[in-house]
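The next block holds one structure in the form of structure tokens; read it before the comments.
FYI, it's all coordinate maths here, none of it is from the lab. Everything quoted here is computed from the prediction, not taken from an experiment. Using ideal geometry, Cβ is built from the backbone for each residue, glycine included, and neighbour counts are taken over all protein chains shown.
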């Protein structure tokens, strides 16, 4: 503590000079995505036990020769879905764009959305070849996004080997070998 023995007549701020032990400021260049007038999209129909279906539109963009999800939109006649579909539209579209410009892994978010349970109970999918039990409409949205990510990852690979997104590391390197899903990037495997 400093003791002041005379009258204060002014003040000034001294800048501390940088020393070699300080960390330099890291500036990350952020790619600014400009939305073209026209972009390709895929529409998924989600039909739960409710009267009206929910339509999910995922819009893609190509950057540096790779296809990425860019935006997501929801359409339904059910007014009770407006709040959460608007929230997911803003949140997921922002997440998609940030994933293009940085190292953000969106797989964890998708996996968490698949775990959302409805207070009304779940349902069996209505309009798919192999129906699966869904805990909620939000969970089915997540499964649709995962399906879409797998489709575009296969387009990006541009080969005959079909690889999917690994649920553990998030890399597009999960392949089917000898009846097992095996990740070529980490130690994940699941048989059966």
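What to note about this one:
- Nitroxide proxy distance, nm - points 7 Å out along Cα→Cβ at residue 50 and residue 37: 3.5
- Residues 115, 171, sorted so that the one with the fewest Cβ neighbours within 10 Å comes first: 115, 171
- The stretch 84-147 and the stretch 161-192 have Cα centres spaced 20 Å apart.
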